[in-house]
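Written below as structure tokens is the structure these notes are about.
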Amino acid sequence: MSDIDITRLTLTDARNALAQGDFSAVELLYAVYRRIEATEPSIHAFVENYPREGLAQAEVADRRRKVSPSPPPLLGIPIGVKDIFDIAGKTTLCGSELRAGCDVAVRDSDAVHALRRAGAVLHGKTVTQELAAGVLSPPARNPWDARRIPGGSSGGSAASVAVGGCLGALGSDTGGSIRIPASVTGTVGLKPTYGRLSTKGVFPLSASLDTVGPITRTVADAAALYLVLAGREAEIDAVERKLTAEEEPSLKGARIGVLTSFFNERIQPDVAAAFQDAASALRDLGAEVVECDWPHAPAARAAALLISRVESAAVHAEAIRDTPDLIGEDVRFRLEIGAMTSGIAYVRARQTREAVKQSIAALYREHELTAIVAPTTAATALSADDPVVRWPDGAEESAGAALTRFTMPWNATGQPVISAPCGFDEDGLPIGLSFVGRPDEELELCNLANAYERATEWHLRRPPL
């Protein structure tokens, strides 16, 4: 079979089709490359592709499937890799002139190694915002409207998944860099609990916040990739059966918190309306939706912001001093701010982080919450030429401030968060809904998000490109 509709195929679909012999890994990869060839002139999701290596991996996957009674779970599945993850024999450029001419990686990052061990075909590196520090991800564009940004810093990963350039991709999240691009491209992004997955071999931005995770088309796909990255491949089939069961989805017995104040401030009307509709859908599924306030959300955001600035300045201290001209203006400014921040301020930010972690844990206990839901971002995808949100009162907010406002608090608390599509604005741009779980309860979070996903049809829409 060579006529594969890669725009409709999910990772889970592909796993099952390959197992049943509906098509080969080579045929699947050719379909992916045809899609990349058709869309890259507009989307620019990839830094580079590896057609020769990819084809060799796919051929090996097909031979291996014929002789293996228990093939690994991602055998033959094309996966994109954000260009801050080391792939042995490839350069890790991080979207920055600072890395031009850097040596090739001598070994895979732990995340890439996990994918390779699971049989994935690693066919290309995806575009990242410079040094993974921002939400624009140039030159990548949004498949729903190529005049708009795909979010960041994992923008290339999300754009490639949305358009069919891969069936899943690696992302990283320090202030929202998995969830923001997932939200604005209509994909699913999972930020696991901080520290749950290894970041070894991933170029750092802020060591005490950096988290790696998957971007996919569906919640079930995200769960499968998460389990691979966590070294829990043996659980994938059981989890997949649970998430794709034919029974009507139900959230009976779940108590889901809806946060007031901070998460209702400065939000586009279409985003607010989609969120209210999502809350109603959760009630219809049997969940008890509880309004509650977390007054420490602004402090959580501020703490994460300051910590990330200082720690990223430490990573690039020599470059700030010796070669600042090789750093883009926006990133250089944030690094310089971090370098000028006092040690006392940094320590206080770390102390604040511990306090907000305790406060959100107390909120979950007080209201007996299973999870919290919130809009992933306050705005949909912004113009690439003018990435500013203009609010009705005349105020303007930069893309970085507007899009991280609802994501960064959860980097401070370290909780797992999954963003799934929950609607579209009047311009046909995707809107994301975040499910925020208890620490280390990624699979329970996926159960909740999956029930919502199956009860709606937002994830079935595809970009017009």
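Relative contact order of segment 248-353, taken over Cα pairs closer than 8 Å and 6 or more residues apart, is 30 percent. The Cα atoms of segment 185-325 give a gyration tensor whose axes a ≥ b ≥ c have a/c of 1.5 or more with a/b no greater than b/c, which makes the shape oblate. For the pair Val67 and Leu326, label points projected 7 Å from Cα toward Cβ lie 4.5 nm apart. Taking N as the residue count of segment 61-214, its C-alpha radius of gyration divided by 2.2 N^0.38 Å amounts to 1.01. Around the amide H of Tyr50, modelled in the peptide plane, lie the amide H atoms of Gly124, all under 5 Å away and 5 or more residues distant in sequence or on another chain. Above 26 Å, the calculated P(r) of segment 322-442 contains 41 percent of its Cα-Cα pairs.
Each 10 Å bin from zero up to the one holding the largest Cα-Cα distance in segment 124-243 carries the following percent of pairs: 16, 47, 30, 7, 0. A 1.4 Å probe run over the protein chains yields, for the chain, 39 Å² of accessible area per residue, whole-number rounding. Net charge of the neighbourhood of Ile418, taken over other residues with C-beta under 9 Å away and scored Lys/Arg +1, Asp/Glu -1, is +1. Highest mean packing comes first when the peptides 271-279, 97-105, 43-51, 145-153 are listed by Cβ atoms within 10 Å, giving 145-153, 43-51, 271-279, 97-105. Among Ser208, Ser398, Ser70, the sequence by solvent-accessible area, most first, with a 1.4 Å probe is Ser70, Ser398, Ser208. Classified by the C-alpha gyration tensor, segment 1-146 has an oblate form. Its axis ratio a/c, with a ≥ b ≥ c, is 1.5 or above, and a/b does not exceed b/c.
Just the protein heavy atoms count here, and of the accessible area of segment 161-203 at 1.4 Å, carbon and sulfur take up 46 percent.
Rounded if a/c is under 1.5, else prolate if a/b beats b/c, else oblate: with a ≥ b ≥ c from the C-alpha gyration tensor eigenvalues square-rooted, which is segment 1-43? It is prolate, given that a/c is not under 1.5 and a/b is the larger ratio.
Each part gets one Cα centre, and for segment 323-368 versus segment 86-142 those centres are 25 Å apart. For the chain, what's the relative contact order in percent, using C-alpha pairs closer than 8 Å and at least 6 residues apart? Relative contact order for the chain comes out at 17 percent. Note on segment 392-465: with neighbouring protein chains present and a 1.4 Å probe, carbon and sulfur make up 47 percent of its accessible heavy-atom surface. Seen from a random direction on average, the alpha-carbon convex hull of segment 335-390 projects onto 6.8 square nanometres. Here the chain is treated as an ellipsoid with the same Cα gyration tensor; its semi-axes, largest first and in whole Å, are 31, 27, 21.
Distance from the C-alpha centroid of segment 247-311 to that of segment 38-79: 37 Å, rounded to the whole angstrom.
Between Arg148 and Asn142, Ala384, the built amide H atoms are under 5 Å apart, and every one of these is 5 or more places off in sequence or on another chain.
The values are calculated or read from the model by the stated rules, or taken from the named source; none is laboratory data. Everything quoted here is computed from the prediction, not taken from an experiment. Don't worry about glycine lacking a Cβ; one is built from the backbone with ideal geometry, like all the others, and counts go over all protein chains shown. We work out accessible area using only protein heavy atoms, side chains counted, and drop any ligands, DNA or RNA first. Shrake-Rupley method; radii C 1.70, N 1.55, O 1.52, S 1.80 Å.
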